[in-house]
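All remarks here apply to the structure that follows.
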Amino acid sequence: MKKQVLVIHGADTFKSYEDYIESLKKEEIDASDLGKKGWKENLQADLGADFQVIAPRMPNKNYAHYNEWKIWFDKYLPVVADGIILVGHSMGAIFLAKYLSENSFPKKIAASFLVAGPYDDEVSESTIGDFAFSTSLENFEKQGGKITFYQSKDDELVPVADFEKYKENVKGANFVLFEDRGHFFQEHFPELVEEIKKLS
């Protein structure tokens, strides 16, 4: 039986609809990025035939709201199996941490890998909106399996201070800090692939 990996992508959030509209107006399209695959899109090929990568397109990634994501995420629960591996990038990371801190997951989780996840918006120019934690992360730590956080010192979107806050609040997790990965907008993520393969 194939090992399942469920991947939640990143997103943008805003303090208001007006801020969202302004951001859309300012956004520029880079032709060199069109059709380019990142590590999340390449994860199935990099892991190989022994794995099944499930990558939901979460609602409105340009103006994400936690409750909308929760409704959509819940629809995938009937198709996940025991031993599921969870991967979240950026807002996908804080989504998984928040979801698992507030809800009981119906299946056994083998591992959770959170990549460049914001913790709050106290020292960031960006907002996390309704993705903010409303409880401790104790329940996340209890049911998240083997938890690993990845962060880079030169991340231009999520400060290392957020990584340190996860360290303070999720004591039993593994923490990996890179020097030069930015916000992990890379084509492949070999370190993550290696860790996932170790679980099978």
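FYI, it's all coordinate maths here, none of it is from the lab. Just so you know, these numbers come straight off a predicted model, no measurement behind them. Virtual Cβ from ideal backbone geometry, glycine too; neighbours counted across all protein chains shown.
Here is how the numbers come out for the structure above:
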read-out: Considering only the chain, percent of DSSP beta bridges that pair antiparallel, nearest 5; value: 0
read-out: Exposed GluC sites (Glu not before Pro) absent: longest stretch of the chain, with sites in DSSP loops and at most 11 other Cβ within 10 Å deemed exposed; value: 29-121
read-out: Convex hull of Cα atoms in region 36-104, direction-averaged projection (nm²); value: 5.5
read-out: Percentage relative contact order, region 51-200, counting C-alpha pairs under 8 Å, at least six apart; value: 21
read-out: Pairs from Lys146/Lys198; Lys26/Lys98; Lys2/Lys98; Lys75/Lys165; Lys2/Lys107; Lys40/Lys197 whose Cα-Cα separation, in the structure shown, is over 20 Å; value: Lys26/Lys98; Lys2/Lys98; Lys75/Lys165
read-out: Selection from Ser152, Pro190, Ala111, by position along the positive dipole direction of the chain (Cβ); value: Ala111
read-out: Total charge dipole magnitude, region 98-173, about the Cα centre, Cβ charges on Lys, Arg, Asp, Glu only, Debye to nearest 20; value: 700
read-out: Long-range tail of P(r) for region 101-200 (Cα pairs > 24 Å, %); value: 24
read-out: Gaussian network model of the chain, springs between alpha carbon atoms under 10 Å - residue of Leu34, Leu100, Leu24 with greatest fluctuation; value: Leu34
read-out: Fewest-first sequence of Met58, Met1, Met91 by Cβ atoms within 10 Å of each Cβ; value: Met1, Met58, Met91
